[in-house]
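The values are calculated or read from the model by the stated rules, or taken from the named source; none is laboratory data. Owing to the predicted nature of the structure, the values given are computational and were not obtained by experimental measurement. Neighbour counts are summed over all protein chains in view; Cβ atoms, including those assigned to glycine, are modelled from backbone coordinates with ideal geometry.
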Amino acid sequence: MALDSIIEKLRNELARPIRRESQVLYILAEVRKLIEHEQEKDEHAYEVLEFFCNWALHITISRKSSADKIRLFLQAFDMKEGMELSEWYKTEFFQQIMHLAVLKKELGGFLHEHNLPCDIVHDFRKWSGVIYLYTAVVAEVPLRYAKDDLGPTEVEELTIQHQPTGTGPQKIVRWFVRLKNGERFNGGTLYGQYRDNENRLVAMPDFWDEEFQI
């Protein structure tokens, strides 16, 4: 069956170290195929995960059909002008949105329900590499909210960029946000940093090696 073939392809790819953007794209394309099979029985099956797959596989996400998923993903935005760095690290924007907590939850549930390897979402080092590659894939692919029902302080557009640090091969991932009222914010991070419960830096990222390609 085609379904069994897709699952086997995913199983084989998930068993390999994820080191390239092309692997992330391949995994998401196969995941979306499985979702399409599931939606033949339930049109709403995995629709949030489907949104993240579409973000990686399109040049822009701005259709009204995607608006509710964009709003759900970005509703936790809570940056404020003049925030101290210690406050920034505690924001939902930094901890949840920028670290793709929704994608992690949805992908983890999907893999578990299809009896597929879940290491990429349960292992911090592996997940750090995956979201670094995923954000490289969707960099410069804007999310635009297309409906007219936003409040003035809700996010209307989001864009991601990978920017060289000048000190090593890993790039800072910077998120740019425009609110409905025109205000703009941005914040960046090095994915994979180890932090304690007080968000103090414990160790630098270690997911990168000589085989990592971006």
Answer from ARG20, ARG32 - the residue that is over 18 Å from GLY109 (Cα atoms), basic (Lys, Arg) and either more than 19 Å from the chain's Cα centre (by Cα) or surrounded by 13 or more Cβ atoms within 10 Å (Cβ to Cβ) (or both): ARG20
LYS126 being closer than 25 Å to MET79 by Cα and either surrounded by fewer than 19 Cβ atoms within 10 Å (Cβ to Cβ) or among the charged types (D, E, K, R) (or both): no
Elements of type helices (runs of 4 or more DSSP H) contained in segment 32-104, each with 1 or more residues being modelled with pLDDT of 90 or more and β-branched (Val, Ile, Thr): 47-57
Qualifying residue in segment 64-75 (condition: under 21 Å from ARG125 (Cβ atoms), in contact (Cβ under 8 Å) with a residue 24 or more places away in the chain and surrounded by 18 or more Cβ atoms within 10 Å (Cβ to Cβ)): no
Selection status of LEU150, modelled with pLDDT of 95 or more, aliphatic (A, V, I, L, M) and part of a loop (DSSP other than H, G, I, E, B): no
Segment 41-62 residues that are on the phi < 0 side of the Ramachandran plot and surrounded by fewer than 21 Cβ atoms within 10 Å (Cβ to Cβ), paired with ones that are modelled with pLDDT of 90 or more and among the acidic types (Asp, Glu) (beta carbon under 8 Å, 6 or more apart): ALA45/GLU38; VAL48/GLU106
Qualifying position, being of a type in the set (Asp, Glu) and outside any loop (DSSP other than H, G, I, E, B), among GLU198, GLU156: GLU156
Test: ARG11 is part of a helix (DSSP H, G or I), of a type in the set (Lys, Arg) and surrounded by fewer than 18 Cβ atoms within 10 Å (Cβ to Cβ): yes
Options VAL155, VAL121; residue that is among the β-branched types (Val, Ile, Thr), in contact (Cβ under 8 Å) with a residue 60 or more places away in the chain and closer than 26 Å to LYS69 by Cα: VAL155
